[in-house]
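Reading through the structure tokens given below for one structure.
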């Protein structure tokens, strides 16, 4: 969950999960976009997955840009990151297309993950990252 200090004392009561759909097919999900804090050492991270039928059409870029802008403009969030694998070129291009910069790296178990950050943020330097947050980590996530 978001810390109150992330958004100047304001925060939602639930995790921030967004289900995008098309104007031509409202209510039919084409993916998911999340905005959450997984561990205290890493800023809120923006995650996204778009159904294969809708990939490479700009929906992920548009949706993630809108979510980033919403949290910056409405809640004053100044630190956000996007974390992906080094070989996920589409995700890396999406991050760069949204104005995120090379933000160093984090470690997910033994795997080095690429981090993208907003301009002006301090680069990440190998902080431990888990998809499950700072709770108990399932064995297959190590």
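Counted over the range 4-128, the DSSP beta bridges are approximately 80% antiparallel. Computed across the range 21-77, the Kirkwood hydrodynamic radius from all distinct Cα-Cα pairs reaches 12.6 Å.
The distance between label points at residue 112 and residue 79 comes to 2.3 nm (points 7 Å beyond Cα on the Cα→Cβ vector).
Return one quarter of the surface area of the convex hull spanned by the alpha-carbon atoms of the range 4-128, equal to its mean projected area, in nm².
For the range 4-128, averaging the hull's shadow over all directions gives 8.1 nm².
No lab work stands behind these numbers, since they all come straight from the coordinates. Everything numeric here is computed off the predicted structure, so don't read it as measured data. Note that each Cβ is placed from the backbone with ideal geometry, even for glycine, and that neighbours are counted across all protein chains shown.
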